[in-house]
Every structure is written in C-alpha cells, then in structure tokens.
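The values are calculated or read from the model by the stated rules, or taken from the named source; none is laboratory data. Because the structure is predicted, anything quoted here is derived from the model rather than measured. Counting neighbours? That spans all protein chains shown, and the Cβs are built from the backbone with ideal geometry, glycine included.
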Amino acid sequence: MTRSNTAKAAAPPVLDADDEMNNRLFFRLFQASNIYERQAQRELNFSAIQGAVLGALSREPVDGIGFSDLVEYLVVSRQNLDGVLKRLEKQGYAERVENPTNRRVKMVRLTKAGLRAWDELFENSLRFYRQGTEGIAPEEKAAFVETLGRVGRSLRSIKLREPAPKPKAASKRAPPSK
C-alpha cells in the first residue's frame, strides 16, 4: 500500500506553554502511579491499594472503619474496595463485622494476622519510600506534597459538563374560562 492510499494522521493540536506543562504533569503523574504500582507489587508483595487499605485500617485496629467511610477516605469506588477486601479477607488479613450500634453498617477491621502483615509492610514501605525519594530534598518533598494536595482539590471541583436541567414540575393549569 502506498502512502497516498493511507489515511493521513491529523496534526497534533498546538498547545500553549501552560497547556503543554499541564499535559506533561498529568502524564508524569500517570507514569509515576503505574511505576509505583508495579514496584510495590514486585518488592512488597502487596498492591498499592492493598497497602493503603491495610494502612487505613491500622488507624482503627479495634473497632475498624465503616465500609462507606473507607471508600471516602481512600477515594476509591465501592466495587474496587469490595474486590480488594475480598482478597484481604481470603488472605486472613481483614474482616467485615456488624457495627454494634447500627446493624446496617458494616465495619472493616484488621485481623491479628492483618496487624502483623501491616507491621511488616509498614517497615518495608518506609525503606521503599526512602529509596523512591532518594536525592530529593526535604523541602522539595514538602512542596510536592502541598502541590499534589492542591491538584487533588482542584480535580474534585472539575465540571466539564453542565448539570442536566431539572425537569419542571407539572404546572396546574386553571380550567379554561367560558
């Protein structure tokens, strides 16, 4: 097939400097997230989300955390968290129990094996993080943490689409006058 018979690729859009930098920032964030996930799985034998769940549950080791509260804290979907919890339950690290004051609420907590796994994972995670930030000054880390927090807050406020208009309530018409 000759070049004249193939479809020509559309020219890439021309970006101003700020759009170019935003594009690079979010691509680097995407890449770093994927590298982190791969390396965490390879070096720690836990996925990043499994580690985050164990860490969150370690904050309330006795009572646990409500499932919905855990969803909000970790900023994950209910479906994603449910799948991760099923794996952690199968490994004997977490359990779901009834909330003693509200039977409709499921609490999630670490088991004794989960507490031991978290202790080991936490120590290894600190070593992992030290190596992952080697050569980055403490001030740079602090600035990056603040910047990521600001990006996260901005991401929550994005509204590309206008909300759908609410349907108007059926109006009561007066009967036609005679």
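Structure data summary
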{"item": "Pick from segment 72-95, criterion hydroxyl-bearing (S, T, Y) and under 15 Å from G51 (Cα atoms), ranking: surrounded by the fewest Cβ atoms within 10 Å (Cβ to Cβ)", "result": "Y73"}
{"item": "Pick from segment 48-99, criterion among the β-branched types (V, I, T) and without any contact (Cβ under 8 Å) to a residue 12 or more places away in the chain, ranking: farthest from R156 (Cα to Cα)", "result": "V71"}
{"item": "Number of the condition not met by W118 [criteria: (1) free of Cβ contacts under 8 Å to residues at least 24 places away in the same chain; (2) in a helix (DSSP H, G or I); (3) not acidic (D, E)]", "result": "(1)"}
{"item": "All positions within segment 85-118 that are touching a strand residue (DSSP E or B) at 6+ places or on another chain (Cβ under 9 Å) and aliphatic (A, V, I, L, M)", "result": "L85, L88, A94, V97, V105, M107, V108, L110, A117"}
{"item": "Residues that are surrounded by 10 or more Cβ atoms within 10 Å (Cβ to Cβ) and farther than 17 Å from L25 by Cα, drawn from segment 132-150", "result": "G132, T133, I136, A142"}
{"item": "Some residue of segment 26-35 being within 19 Å of M107 (Cβ to Cβ) and of a type in the set (S, T, N, Q)", "result": "no"}
{"item": "Selection status of R153, exposed (fewer than 10 other Cβ atoms within 10 Å of the Cβ) and of a type outside the set (S, T, Y)", "result": "yes"}
{"item": "Qualifying position, being modelled with pLDDT of 95 or more and touching a helix residue (DSSP H, G or I) at 6+ places or on another chain (Cβ under 7 Å), among L126, L121", "result": "L121"}
{"item": "Filter result (touching a residue at least 12 places away in the same chain (Cβ under 8 Å) and either in a helix (DSSP H, G or I) or of a type in the set (V, I, T) (or both)) within segment 105-115", "result": "V105, V108, T111, A113, G114, L115"}
{"item": "Number of the exception - S58 against (1) at pLDDT 95 or above; (2) small (G, A, S); (3) under 16 Å from the mean Cα position of the chain (by Cα)", "result": "(3)"}
{"item": "Counted residues, segment 96-112 - those being farther than 13 Å from L70 by Cβ and charged (D, E, K, R)", "result": "4"}
{"item": "Which listed residue is among the hydroxyl-bearing types (S, T, Y) and over 30 Å from E95 (Cα atoms), from T111, T133", "result": "T133"}
{"item": "Boolean, E98 is at pLDDT 95 or above, exposed (fewer than 12 other Cβ atoms within 10 Å of the Cβ) and of a type in the set (D, E)", "result": "no"}
{"item": "Criterion violated by N102 - all others in (1) outside any loop (DSSP other than H, G, I, E, B); (2) without any contact (Cβ under 8 Å) to a residue 12 or more places away in the chain satisfied", "result": "(1)"}
{"item": "Residues of segment 91-123 satisfying the condition of being charged (D, E, K, R) and closer than 26 Å to L44 by Cβ", "result": "E95, R96, R109, K112, R116, D119, E120, E123"}
